[in-house]
Each structure stands twice: as structure tokens, then as C-alpha cells.
Amino acid sequence: MMNRNFLILLVVAGWVLGSCSNDRGETLEERAGCISKAEMIGVAGMLGHDLFEGRAPGTRGGDLAEAYLKSVCQFMDLQPGAGDSYFQPFVMKGFSNTGFALKAGGTSLEYIEDVVGTFTKEEEFIKVDGDAVFVGFGITTDLWDWDDYKDVDVENKIVITRVNDPGMYDTDIFEGSTLTYFGRWTYHIEEAARRGAAGILLIHTDESAGYDWNVVKNSWTGEELYIDSDLQNNLKFRGWIKENSLRKILDTQNIKLEELYAKSRSKEFRPIHLGTKIQIAGRNSFRDVTINNVVAEIPGKTEKRIVLSAHIDHLGIDPSKEGDQIYNGAIDNGTAVGAMMVVAKILKEFQSDLYYTVTILGCNAEESGLLGSKYYAQNTDRSSIIANINFESTPVWARSNSIMGIGARFSDFEEMIKTLAADHHLEYSSFSLTNQGLFYRSDQYSFARYGIPSVWISAGEDEVTGAKNYTEFWGKDYHTVKDEYDPEWELEGMKQTIEYALLLIERINNSQSPPQMKPDLSFPLED
Ligand SMILES: [Zn+2]
């Protein structure tokens, strides 16, 4: 009896994904259960190393990350994915300043303490001035019949805008507390640029931005990178202002910020002139910098392809910091690139089963606004891409009770991941941090905006141990020097992410019916 029960136990254990019954496994599912810690940490641990100096695009560490990933692709016998090269080069405009003065009437604000920002014209001395206009949320969209600008001309003005969207205060409009595309700071800048503004100041609060001033400061000091197509407008200055610092300007005009806010919550809102000019002056440096996306592929039976993506860049080094100066980005995005490469390695082993070609895209300059993936999507035959599966900040702790698909709700990916999760006795979860707009903040969005079904796949936040390491990561270590490699990582969440990405790809592959976008999207599609 004892022996028989023991045998049954062993057999059952062999079926459960996540356990490994032999060296490698014979099916893709079995192989997925046999992923080793060494496989997972091989690439991830390396990218998080201090030698990579935080992998900022256009720096030595950034160049090293490109070269390293290319080398891994060669070693794995993947095919070049950008013509006959593993590199897809593109030119970026880099701008940096050592500080600037912002004056409004008699008020002067201090760089970093009150404001941060970037001049985006190729001029050594830049002076931007214009009338200050508060534009509410600065949103114009048919989707919710909302237009903050109305017919007010803001050409050559400095617009001051709230970030986030009105749904933050009224759950019946937009998507309630779920941040929409129109709530992202990137959108507010795009809209101001379309309207010919000379400068934009985004009002920062922890609540509306979803992160504190330190994150803004770390992301907006140092070199800012742009692609040329995003600079073909009047906008000379883009930056952030602390809410309390804005109050200093408003006080001189006897304007109460709360009154401006109250007005901005209404559909009837019209831009409000603040009765003062804002002047921003500083010294600017700029350069052209050529960087590369790393692109490889595993050919299937058709040229139609599934693009796997993970960004290789991070924030680099801050020499002005005391102590640790390296933003290692070990989780953002070392473990995600690591996860993608394990998926690629295993798919390569099962290449003869692949119907769709699989492209492996190590995107660059994601932290600068998804620029590498944007460039890739703009300069690739998009009709050949049936889907995108993105890896971002892959969790490294215990296994989770759920699988999460950020952005899955916009396409058939939602049903597919739900079914996959249910088949493995897991929940399908969405991220609790819906107020952060994470779908629009990583490379899957560069595909979705062209109508390509895309998803950021990850083990969920609800670890089987009850711990909330992943949720805490976003509030504590994300975009700080504490995002570091730790040899103690359990890596079970990473393993799970890899397993379910593989099974998802297998299902798309076997059904040979690509996922489709859902009809009602809450972001604009481009041609
Ligand atoms: Zn990231």
C-alpha cells in the first residue's frame, strides 16, 4: 500500500507544471516544468551587474547591454532579425541641461527642488517664455466626448496641466480610477505639442502621477532622448512642477489651486490664463546618438510572427548621488529580458513545432518613452505581426496563485489567458495598480496603438506565501538604485511567468488562429 501511494504521488507530481520529472521533459509543457535557476539567472543576473552601469542608451553600459544580448542570440543560434543583422540602429536626439531658472512675475523656482525638465531644441542657450495657461487635464478626445482646450489658442504659451484623467475624481467618467491613455503624461505632452504650445509644465502630486517626486527627478535629470518625429513641433520645454511650487506662482496672482482643480473636473472647463508670464532660461547640450534594438528570430513555417519583447535599457548612473550611484534595473528590466531569453531558448529547442515565426526584440530606450519599440513598430512590416507578448519587471519571488495579463482586456488574450490559468488551477488576475496606467508604460503599447493584440504577461501579485513582494517593489525599489540583483531570489514567479508565456505561445501556435483586438478600445488607434 505504502509503495503504491508513493508511486501515485510521484506520477501526479510529474503532471503538475512547475515540477520536473526528468532532465529536460519531452513536451513543451514538461520542458517548461524543468526550467532551472541557472537558466533564469544566466542573462538576468548579468544585466543587473554593476559592470553594465545601469544600461542607459548611448552610454558604455547601454552599448554593452546591446552587445551582450546580441552575443547571447548568436550563442543560442537564433537568426538575425533585422535584415542580416541582430541590430536595428536608430538615431536619437539627446538633450541634457545642468539646470535652469524658472521665473514667473516676482517668483523664482529652483531646479530639482521645484521643477525639472528638458529643452528640446538644438540651441546652446535656451530661453522660453510665454503666458501661463492652466489647461485642466489638457485632454481632447471623442471617446468620452471631452475637450479641455475648447477653441482657446495656446500657441507659444506655457501650458500648465494636471496629469491623470478626470476619472480619478468621478468613477462614472473615463475608466474611473483605472488610468487611461489620456491620463498619461506622455499624452498631455503630445496634445500640447499638437496645439503649438512653447512649453508644458505637468503638475506633480504623488496621487495623480502614481509615484513620488524622486521618481520624476530620477527620470528627468540627466540626458533625455527623443526620436526626431516627436520633435517636429513648437514645443521647446517639457517638464514637471511640484504642486506646492506652483502654488507659489498662483499666490502672487491670488489664484487658489483648488479652485482651478474644481473647474477642471467639469466638461465645461475652459483654459484659464493665469495673468503672468513664465520664463525658463538655461544652458543646453545636445547630441545625436545612434543606438540599437536587438532583434533575433526563430523561423517557423510561416513569415507571420509573434513578437516577444523586453526592454534592455534602464536609467544609467547618477554621479551626483551619495553612495550607490548605479540604477541597476535588475528587475526593471533584467529579469524580464532573462525571462524572454529562456522562452526563446526553449522555443528554439521545439523549433520544428513552430508554425509562427518568433521574433525576439530587445528594445532600447523604453525608459525614454517606449522609443525603441515605437521605432521597431514604425519600421517593420506590421502586417506580418500577429501578436506581441511583452516581459516587464518580471517578479522574482514565490509562486503566485494567479497569472496576470496587463492589457489582455483589449484583445482575445484575455480569454486565452483566463482559460490557460483555469486549466492549471490558477486565477486570472489584473494588477491592483490600475491607477498607474502600466499598459501604456511598457513596450506592449507600441504594438497595441497599431491594432496589434499585445499583452504584458507576468505571474500575479498574490504569492502563495501571502507575501506581496511584487506590489511592494513598485512602491519601494522601482526606479531607484535599490532595484538590484539578489542571489537569494527564489525565482519562482519568474519561472511561472516563463512557463505560462510558453504555454500561451503554444496555444496560439496550435490553433493557428491569431488573437484579435476587441472592438471598443479606450485608446486611439493609429494607421
Ligand atoms: Zn521597465
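Filter segment 476-513 for residues that are of a type in the set (Lys, Arg) and either surrounded by 20 or more Cβ atoms within 10 Å (Cβ to Cβ) or modelled with pLDDT of 95 or more (or both) and give the result. Even if it seems obvious, please write down each step before you answer.
Within segment 476-513, the subset of a type in the set (Lys, Arg) is 476, 482, 495, 507.
Hits for segment 476-513 are LYS482, LYS495, ARG507.
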- So the strands (runs of 3 or more DSSP E) completely within segment 263-372 holding 1 or more residues that are touching a residue at least 24 places away in the same chain (Cβ under 8 Å) and more than 30 Å from ALA44 (Cβ to Cβ) are 272-298, 302-311
- Message: Suppose we keep only residues that are over 13 Å from THR186 (Cβ atoms) and within 16 Å of the ligand (Cβ to nearest atom) within segment 419-437. Which one would you say is modelled with the lowest pLDDT?
- Response: GLN436
- Task: Would you confirm whether any residue within segment 187-196 is surrounded by 17 or more Cβ atoms within 10 Å (Cβ to Cβ), among the aliphatic types (A, V, I, L, M), in contact with a strand residue (DSSP E or B) (Cβ under 7 Å, 6 or more places away or on another chain) and at pLDDT 95 or above?
- Result: yes
- Query: If you check ASP131 against the conditions, is it assigned by TED's automatic domain parsing to the domain that holds ASN164 and surrounded by fewer than 19 Cβ atoms within 10 Å (Cβ to Cβ)?
  - Reply: yes
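When segment 335-346 is examined, which residues are found to be closer than 8 Å to THR394 by Cα, of a type outside the set (Ser, Thr, Tyr) and either touching a helix residue (DSSP H, G or I) at 6+ places or on another chain (Cβ under 7 Å) or more than 10 Å from the ligand (Cβ to nearest atom) (or both)? Full working, then the answer.
First, pick out the residues of segment 335-346 that are closer than 8 Å to THR394 by Cα: 335-336, 339.
Still in the running and of a type outside the set (Ser, Thr, Tyr): 336, 339.
The answer is ALA339, and nothing else.
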- Kindly indicate the residue of segment 451-489 that is in contact with a Leu (Cβ under 7 Å, 6 or more places away or on another chain) and assigned to a loop (DSSP other than H, G, I, E, B) and also farthest from the ligand (Cβ to nearest atom) among those meeting that condition. GLY451
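Being assigned to a helix (DSSP H, G or I) and crowded, with 18+ Cβ neighbours inside 10 Å is the filter here; which residues of segment 401-415 pass it?
Of all residues in segment 401-415, those assigned to a helix (DSSP H, G or I) come to 408-410, 413-415.
Across segment 401-415, the qualifying residues are ALA408, PHE410, PHE413, GLU414.
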- Query: Somewhere in segment 299-317, is a residue in the same structural domain as TYR485 (by TED's automatic domain parsing), away from the ligand (no atom under 16 Å from the Cβ) and farther than 23 Å from TYR86 by Cβ?
  - Reply: yes
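For every residue, the table says whether it meets (1) within 23 Å of GLY493 (Cα to Cα); (2) outside the structural domain of GLU506 (by TED's automatic domain parsing); (3) at pLDDT 95 or above.
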position: TYR327; (1), (2), (3): yes, no, yes
position: ALA330; (1), (2), (3): yes, no, yes
position: GLY334; (1), (2), (3): yes, no, yes
position: ALA339; (1), (2), (3): yes, no, yes
position: LYS345; (1), (2), (3): yes, no, yes
position: LEU354; (1), (2), (3): no, no, yes
position: GLY362; (1), (2), (3): yes, no, yes
position: GLY369; (1), (2), (3): no, no, no
position: GLY372; (1), (2), (3): no, no, yes
- Conditions (1) surrounded by fewer than 24 Cβ atoms within 10 Å (Cβ to Cβ); (2) within 13 Å of the ligand (Cβ to nearest atom) -> PHE350 fails only (2)
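Against the condition acidic (Asp, Glu), more than 22 Å from PHE174 (Cβ to Cβ) and within 16 Å of the ligand (Cβ to nearest atom), how does ASP443 come out, does it pass?
Numbers: acidic (Asp, Glu): yes; more than 22 Å from PHE174 (Cβ to Cβ): yes; within 16 Å of the ligand (Cβ to nearest atom): yes.
Judged against the criteria, ASP443 is a match.
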- Query: Does at least one position in segment 374-389 carry a residue that is touching a residue at least 60 places away in the same chain (Cβ under 8 Å), assigned to a loop (DSSP other than H, G, I, E, B), more than 16 Å from the ligand (Cβ to nearest atom) and in contact with a Gly (Cβ under 7 Å, 6 or more places away or on another chain)?
  - Reply: no
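Could you run through segment 50-84 and say how many residues are at negative phi, over 21 Å from the mean Cα position of the chain (by Cα) and in contact (Cβ under 8 Å) with a residue 60 or more places away in the chain?
In the first step, residues of segment 50-84 are kept if they are at negative phi; the result is 50-52, 56-57, 59-76, 78-82, 84.
Those still in the list that are over 21 Å from the mean Cα position of the chain (by Cα) too: 50-51, 60, 64, 67-68, 70-76, 78-82, 84.
Applying the additional criterion that residues be in contact (Cβ under 8 Å) with a residue 60 or more places away in the chain yields 50, 70, 72-73, 76, 78-82.
The number of residues fulfilling the criteria is 10.
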- Message: Looking at the structure I just gave you, is SER442 touching a Ser or Thr at 6+ places or on another chain (Cβ under 7 Å), under 25 Å from SER368 (Cα atoms) and not assigned by TED's automatic domain parsing to the domain that holds SER219?
- Response: no
- Which condition does GLU155 not pass, out of (1) surrounded by fewer than 18 Cβ atoms within 10 Å (Cβ to Cβ); (2) under 26 Å from the mean Cα position of the chain (by Cα); (3) at pLDDT 95 or above, if it passes all the others? (2)
- Message: Here is a check on your reading of the model: is GLY466 surrounded by fewer than 20 Cβ atoms within 10 Å (Cβ to Cβ), farther than 28 Å from TRP213 by Cα and out of contact with any helix residue (DSSP H, G or I) (no Cβ under 8 Å at 6 or more places or on another chain)?
- Response: yes
- Query: Within segment 120-133, can one find any residue that is over 26 Å from the mean Cα position of the chain (by Cα), over 20 Å from ASN234 (Cα atoms) and at pLDDT below 95?
  - Reply: no
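The values are calculated or read from the model by the stated rules, or taken from the named source; none is laboratory data. Remember, it's a predicted structure, so these values are computed and weren't measured experimentally. No Cβ is skipped: glycine too gets one built from the backbone with ideal geometry, and neighbour counts run over all protein chains shown.
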